[in-house]
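Contents: one structure, followed by commentary.
Values in this text are rule-based calculations from the coordinates and carry no lab data. Keep in mind that what you see is a predicted model, and the values were worked out from it rather than measured. Counting neighbours? That spans all protein chains shown, and the Cβs are built from the backbone with ideal geometry, glycine included.
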Amino acid sequence: MHDFSGKTVVVTGGTGGIGGAVAVAFARAGASVVATGWGDAELAARRADPDFAGITIRALDVTDEAAVEALAAETPVCDVLVNCAGVVIRRGEVFSPASFQTNYDVNMLGTLRMCNALLPQLEASGAGAIVNTASMNSFLGTPTAPGYAASKGAVMQATKSMAIAWAPRNIPVNAVAPGWIVTAMSADAKNAPEFEARINQRTPMGRWGEPHHLAGPVLFLASPDAAWVTGVILPVDGGYLTV
């Protein structure tokens with residue numbers, strides 16, 4: 001439905017579950033896509049994936065300021081930035097400062113680093129757009145992954161602040177807030193039958209989402225159809241937050 005021919009799109013976490021689906025969707029819509037990721041096995045798997053043919057795959061640790069700046073320097077044109085790189089810590093001392101710091105450094109500061117680094121290219125585009133990845137836990141607390149919830153709450157508020165600050169530069173900034181999506185990150189929860197059933201029962205649509213369910217909303221928010229939309233945190237959660 002959206003034509004991104006001639007556009008360059010950077011997707012962090014683009015070799016993962018949600019980010020991978022988003023990267024493929026942009027490529028199928030005609031964009032030149034740079035998908036970044038972390039981990040040799042994940043990168044190798046995507047390089048061998050026929051769905052990723054034509055997508056440029058780059059290793060990137062979004063906590064590494066120098067690496068982020070280097071990627072930006074090697075990307076002279078960027079029309080859309082999608083920040084999907086993320087981590088969640090559910091084991092060990094989840095309320096420890098170290099746990100919170102790890103979540104925050106990847107989820108929030110990784111997003112900020114990428115936005116700052118590519119801001120000149122997005123402004124030069126004349127029709128640049130940023131789509132961040134918040135979470136249903138931007139709105140809800142969780143006793144098992146509190147650092148994740150705190151970092152995603154920060155992504156939500158940062159997205160709103162970026163939207164205000166960069167509106168004069170004609171850069172809309174929005175975020176999607178995924179609910180329970182079947183990815184490697186959620187595998188432990190999905191594979192616990194009682195927990196899975198509890199999520200299905202609470203979710204009005206009665207099932208978990210798939211990564212491709214995020215692709216359409218992201219492409220919309222990055223498209224000219226959403227040129228008058230900024231500062232929005234769009235839940236994509238099967239109705240989970242409505243209950």
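For the pair Glu65 and Asp3 in one chain, pulling the backbone fully straight at 0.36 nm per residue adds 19.1 nm over the alpha carbon distance. Packing-based ranking of 111-122, 26-37 yields 26-37, 111-122, ordered from highest to lowest mean Cβ neighbour count within 10 Å. Phi angles of region 167-177 translate, via the Karplus equation with coefficients 6.51, -1.76, 1.60 and θ = phi - 60°, into HN-Hα couplings of 4, x, 8, 6, 10, x, 10, 9, 8, 9, 10 Hz per residue; Gly and Pro are given as x.
With a 10 Å radius around each residue's Cβ, average the other Cβ atoms per peptide and rank 2-12, 155-165, highest first.
Details: 2-12: 21.0, 155-165: 17.8.
Taking the mean over residues of other Cβ atoms within 10 Å, the ranking is 2-12, 155-165.
Ranking Phe95, Ala72, Leu109 by how far each Cα lies toward the positive end of the dipole of region 46-112 (charges on Cβ) leaves Phe95 at the top.
Taking neighbour Cβ counts within 10 Å as the exposure measure, how do Tyr148, Tyr240 sort from fewest upward?
Details: Tyr148 27, Tyr240 22.
Exposure proxy ranking, most exposed first: Tyr240, Tyr148.
Annotation: average projected area of region 107-177 is 4.3 square nanometres, based on the convex hull of Cα atoms across all directions. Once the mean of 1/r is taken over each pair of separate Cα atoms and inverted, the chain shows a Kirkwood hydrodynamic radius of 17.9 Å. Across region 117-125, coupling constants 3J(HN,Hα) worked out from phi with the 6.51/-1.76/1.60 Karplus curve, θ = phi - 60°, read 5, 9, 4, x, 5, 5, 5, 5, 4 Hz, and Gly and Pro carry x.
Once backbone amide H atoms are built at 1.01 Å from N, Leu234 has Ala175, Val176, Ala177 as its partners under 5 Å, excluding neighbours fewer than 5 places away on the same chain.
Mind checking which lysines have their Cα closer than 17 Å to the Cα of Lys160? Skip sequence neighbours fewer than 8 apart in that chain. Output for Lys160: Lys152.
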